[in-house]
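The values are calculated or read from the model by the stated rules, or taken from the named source; none is laboratory data. Values in this document were obtained by computation on a predicted structure and should not be read as measured data. Note that we place each Cβ from the backbone using ideal geometry, even for glycine, and neighbour counts take in every protein chain shown.
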Amino acid sequence: MEIENVGNADAVNLSARPVFIVGCPRSGTTLLYHMILSSGDFAILPSESDTFSLVAARFPDLTSFRNRQKFLQFWLQTEMFAQSGLKRAEIEERLLNECRSAGHFLRIVMEALCLKQGVRRWAEKTPEHALFIREIKQSIPDSLIVHIIRDGRDAALSLANFGRLHPYFYGGGRSVVPFGVFWKWMVRKGRAAGERIGPDYYELHYEDLVEKPRATLSRLAKFIGHDLNYDRILRVGYGSVRQPDSSFRSTASSGPFSPVGRWRKQYRPEELERFESLVGDCLEEMGYPLATDAGRRRHALDGAVSAFYLSQLGLKQWLKCRTPLRRMAGRTSHVARRSFSAEEKVAQS
């Protein structure tokens with residue numbers, strides 16, 4: 001299922017609007033982002049900005065000049081700054097004098113990148129920003145949101161294999177079932193927020209992007225107001241367009257790279273039944289047929305299991321966004337490339 005919206009072209013020229021690519025991690029956000037970059041005339045930022053998921057949480061108030069000074073000193077030590085290629089002099093004045101929010105910060109940085117790279121517009125990819133669509137639109141009203149959705153069975157398998165994402169306080173591990181609940185939570189949160197912003201939100205499926213790239217990119221091109229010429233994209237081949245960003249690289253080299261439907265060979269029968277009993281409703285909602293009857297005859301304990309995982313996801317999100325702990329959010333991300341202050345180290349211990 002794709003939501004065929006064309007954006008609010010009367011308010012702002014589509015070809016000048018920033019594009020945010022969101023979705024559950026390991027759902028193809030990187031591939032889609034690199035395809036857009038390969039199409040040309042977009043500023044290239046190699047790293048995820050984490051602007052709304054981490055930076056805004058750590059620096060919720062940028063209205064004072066003193067706070068902006070602290071933020072600037074922090075940001076100059078981050079991976080994002082290091083990979084941007086920007087110099088302090090190219091960004092300092094605007095950040096100190098104009099920046100009032102995380103959205104202002106991102107726009108200022110990306111506009112500086114556009115100027116430096118000689119391009120007209122910019123896109124940003126942080127998967128977890130699917131949870132912050134409302135904040136993005138409030139802070140950057142002309143933004144376009146593209147939500148990429150992948151079969152939850154493949155996404156959960158990739159997350160479990162990836163081994164670097166830990167969404168739960170307890171009980172997650174590397175089992176596909178908890179990651180399936182995480183996928184369901186992310187997808188539904190993103191869709192609910194997308195429905196509220198109407199025509200500036202667009203959905204596409206990862207499987208369509210991989211198996212029918214020309215038609216899928218042609219439809220997306222109308223939404224973002226940009227020529228997504230597939231031949232040019234392949235010719236430029238930025239990042240994962242040329243070298244797939246797979247969590248299964250060791251197996252991909254042994255045969256043709258096929259990221260769609262990998263779950264069919266990887267799940268044990270009882271594991272697949274358990275997965276679909278918990279996540280099957282969302283799979284069908286997204287247009288993915290079930291392989292078992294488990295999704296239609298839910299187990300008596302499924303509600304309790306889902307509640308166990310969902311409560312942790314909700315609590316972690318609340319702690320990060322609504323309590324003083326939000327100021328420590330950046331410490332677990334690649335955003336913090338260098339060491340923190342002595343005070344922060346004490347707080348982490």
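Considering only residues in region 185-199 that are of a type in the set (Gly, Ala, Ser) and surrounded by fewer than 20 Cβ atoms within 10 Å (Cβ to Cβ), the one that is modelled with the highest pLDDT turns out to be Ala192. Looking only at residues in region 161-179 that are in a helix (DSSP H, G or I) and among the aromatic types (Phe, Trp, Tyr), the one that is modelled with the highest pLDDT is Phe179. Would you confirm whether any residue within region 97-119 is in contact with a helix residue (DSSP H, G or I) (Cβ under 6 Å, 6 or more places away or on another chain), free of Cβ contacts under 8 Å to residues at least 24 places away in the same chain and not hydrophobic (A, V, I, L, M, F, W, C)? No, there is no match, as no residue in region 97-119 is in contact with a helix residue (DSSP H, G or I) (Cβ under 6 Å, 6 or more places away or on another chain), free of Cβ contacts under 8 Å to residues at least 24 places away in the same chain and not hydrophobic (A, V, I, L, M, F, W, C). Taken over region 258-275, the residue count meeting the criterion of being part of a helix (DSSP H, G or I) and without any contact (Cβ under 8 Å) to a residue 24 or more places away in the chain is 4. Taken over region 276-307, residues that are part of a helix (DSSP H, G or I) and either at pLDDT 90 or above or of a type in the set (Gly, Ala, Ser) (or both) amount to 14.
For residues in region 9-25 being surrounded by fewer than 16 Cβ atoms within 10 Å (Cβ to Cβ) and touching a strand residue (DSSP E or B) at 6+ places or on another chain (Cβ under 9 Å), which is modelled with the highest pLDDT? Looking at the filtered set, the residue picked out is Ala16.
I want to confirm something. Restricting to region 26-79 and keeping residues that are of a type in the set (Ser, Thr, Tyr) and surrounded by fewer than 18 Cβ atoms within 10 Å (Cβ to Cβ), which single residue is modelled with the lowest pLDDT?
Among them, the one singled out is Ser47.
A count restricted to region 43-73 and to residues that are touching a residue at least 40 places away in the same chain (Cβ under 8 Å) and basic (Lys, Arg) stands at 1.
Restricting region 122-160 to residues that are more than 14 Å from the chain's Cα centre (by Cα) and not in a helix (DSSP H, G or I) leaves a set whose member that is nearest to Met35 (Cα to Cα) is Trp122.
Could you identify the single residue in Glu203, Glu207, Glu195 that is of a type in the set (Asp, Glu) and either touching a Cys at 6+ places or on another chain (Cβ under 8 Å) or outside any helix (DSSP H, G or I) (or both)? Matching residue, one of Glu203, Glu207, Glu195: Glu203.
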